[in-house]
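> Encoded as structure tokens, here's the structure I'll be asking about.
Bear in mind that the values in this text are calculations on the coordinates, not laboratory data. Keep in mind it's a predicted model, so treat the numbers as computed, not measured. Positions of Cβ are generated from backbone atoms using ideal geometry, with glycine treated the same way; all protein chains shown enter the neighbour counts.
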Ligand SMILES: Nc1ncnc2c1ncn2[C@@H]1O[C@H](COP(=O)(O)OP(=O)(O)O)[C@@H](O)[C@H]1O
Ligand SMILES: [Mg+2]
């Protein structure tokens with residue numbers, strides 16, 4: 001299963017008022033893969049999303065799912081074809097006068113599913129996104145993160161093979177964003193979805209994308225494997241991925257661990273000491289450390305071999321450093 005966007009162009013207006021919002025955009029996403037499209041506001045991301053799910057007719061080019069060109073279809077076929085692509089939009093796209101369950105039921109009702117079948121499917125979907133007990137609540141009674149989970153459940157109602165997410169984490173706090181991202185990552189594996197993840201937030205793609213493309217003024221300037229781009233000294237997107245304050249991508253089989261200076265007596269050479277003690281390389285991935293009255297404060301993110309992370313955490317603690325969280329495997333590709 002693959003979704004292919006081929007030479008997609010979208011022009012609004014005519015003659016002297018014509019403006020080309022998407023210009024010859026091409027990419028493919030395999031099932032089980034997450035392709036992120038990143039770009040600034042106005043780059044054409046939402047137009048791309050609406051062309052992919054066929055809410056908007058592309059001016060030229062094709063959207064091909066499982067070998068079928070959806071852009072060639074007439075209205076009857078189109079209605080069928082749309083079911084293969086589920087979309088999660090930016091927050092608040094739920095109907096406010098419908099409960100969570102009734103929102104998820106919407107696509108099934110349009111399809112003419114029986115009441116019993118709809119009820120069973122909705123319950124199963126809400127359960128899967130962790131909202132089994134929130135079925136009868138209205139959107140305003142849910143948090144932003146919960147609303148986006150309802151959005152995912154609704155997008156999956158008709159068992160699509162492609163999931164499209166357009167700015168779905170915009171406006172969510174850190175915790176809600178992370179929980180949305182991990183749900184998405186789980187579901188793509190579970191359901192073998194091809195995911196097109198559209199965002200302007202650079203830090204989210206580092207956490208979730210397998211491959212990434214940068215859209216600027218309607219053109220997909222560069223695209224490739226996330227790790228390759230992050231390691232590419234020539235890539236503008238790579239520079240953004242590496243820039244300070246952003247989570248950093250590390251090499252294979254390496255996990256990122258953040259540690260905080262939790263004692264005034266952490267030895268200055270603690271990294272080389274631990275590296276020697278554990279006989280394993282320790283790479284600095286990012287640091288935010290300053291001196292306060294001669295004492296180092298702040299945190300450092302290091303990359304260590306996945307199978308040494310627990311030892312590293314233990315030894316770091318003994319030197320006065322506090323590991324902040326479980327080693328993050330979401331930043332890196334750890335082979336199973
Ligand atoms: N229906 C439309 N008619 C004319 N221009 C549009 C239309 N939809 C979007 N645009 C223009 O296309 C450009 C890209 O918009 P959009 O796809 O929403 O970007 P993004 O989602 O990356 O912020 C903007 O300049 C916007 O004004
Ligand atoms: Mg947009």
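> Determine, for 299, 16, the number of other Cβ atoms within 10 Å of each Cβ, and report the residues in order from fewest to most.
Details: 299 16, 16 5.
Ranking 299, 16 by Cβ neighbours within 10 Å, fewest first, gives 16, 299.
> If you take every DSSP beta bridge fully contained in the chain, what fraction is antiparallel? Give it as a percent rounded to 5.
Values: 41 of 59 bridges.
So the antiparallel bridges in the chain amount to around 70 percent.
> Something else now. Taking only Cα atoms, what is the 0 to 90° angle, nearest 10, from helix 144-155's long axis to the longest principal axis of the chain?
The angle comes out at about 50 degrees.
> Per-residue ellipticity at 222 nm for the chain, helices alone: DSSP H runs ≥ 4 residues times -39500 (n - 2.57), over residue total, nearest 500 deg cm²/dmol?
The helix contribution divided over the chain gives -9500 deg cm²/dmol.
> Just need the relative contact order of the chain here, percent rounded to a whole number, with Cα pairs under 8 Å and 6+ apart.
After rounding, I find 18 percent.
> Then there is this: For residue 182 and residue 19 in one chain, what is 0.36 nm times their gap in residues minus the Cα-Cα distance, to one decimal in nm?
54.9 nm
> Can you compute the label reach from residue 136? Point 7 Å from Cα along the Cβ direction, backbone N cut-off under 20 Å, restricted to the range 64-107.
95-106, by backbone N distance to the label point.
> Okay, next question. Among 56, 322, rank each residue by its count of other Cβ atoms within 10 Å, from fewest to most, as a rough exposure measure.
322, 56
> Out of all DSSP beta bridges with both ends in the range 160-235, state the antiparallel percent to the nearest 5. Write down the numbers at each step before the final one.
Working: 6 of 11 bridges.
Just about 55 percent of them are antiparallel.
> Further, regarding this structure: Calculate, for residue 7 and residue 231, the FRET efficiency according to 1/(1 + (r/R0)^6) with r their C-beta to C-beta distance and R0 45 Å; round to the nearest 0.05. Walk me through the numbers before you get to the answer.
Working: r = 29 Å, r/R0 = 0.64.
With a Förster radius of 45 Å, E is 0.95.
> Given 25 °C and 0.890 mPa s, compute D for the chain with the Stokes-Einstein relation, Rh being the Kirkwood radius over Cα pairs; round to the nearest whole µm²/s.
Answer, rounded: 112 µm²/s.
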